[in-house]
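These notes are about the structure you will find just below.
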Amino acid sequence: MKPFILLISVAITSLFAIGTADKNISGTWVMEQGDSSDQPPVFRIEMGEGIWEGKMDVPQQEVYDRKVHSIRVDGDSVFITVYKNGSTIYARRVNDSSITGVMKGESRIDTVKFKKIN
């Protein structure tokens, strides 16, 4: 009886862990923002040593390979702080290739959409 109870406990714990696992957002994402430009920002996101890490290119500002301050994933929710005490993106992963949300800056809020390109 004890092995059966142990087996059931392991199975339930495994199902709970799988059901609440964070989604994989690694890859290269192009960001469309409000009144989109010809050269949208590009985010490259990957899993580092147990945390999400990213770099971004902003061609309009001639900024390339800039480290993103923080990326946090909680289920389908994605929170990106672009730079310390700067703009923050609050979004939701729609599917494997799309994330939508808002970016809150110092003086405005813009709608943002991310499309995965690889």
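The values are calculated or read from the model by the stated rules, or taken from the named source; none is laboratory data. Since the model is a prediction, treat every value here as computed from it, not as a measurement. Ideal geometry is used to build each Cβ from the backbone, glycine not excepted, and the neighbour counts take in all protein chains shown.
Take the residues of the range 63-95 that are among the charged types (D, E, K, R) and over 11 Å from the mean Cα position of the chain (by Cα): which is farthest from residue 48 (Cα to Cα)?
Checking each candidate, the answer is 84.
For the range 43-70, which residues satisfy the criterion of being without any contact (Cβ under 8 Å) to a residue 40 or more places away in the chain and of a type in the set (A, V, I, L, M, F, W, C)? Once the filter is applied, which keeps residues that are without any contact (Cβ under 8 Å) to a residue 40 or more places away in the chain and of a type in the set (A, V, I, L, M, F, W, C), the range 43-70 yields 45, 47, 51, 52, 56, 58, 63, 68.
Looking at the range 78-90 only, could you name the residues that are touching an Asp or Glu at 6+ places or on another chain (Cβ under 9 Å) and either within 15 Å of residue 111 (Cα to Cα) or among the hydroxyl-bearing types (Ser, Thr, Tyr) (or both)?
Correct list: 87 only.
Only a single criterion out of (1) modelled with pLDDT under 90; (2) among the β-branched types (Val, Ile, Thr); (3) under 19 Å from the mean Cα position of the chain (by Cα) is not satisfied by residue 5, namely (3).
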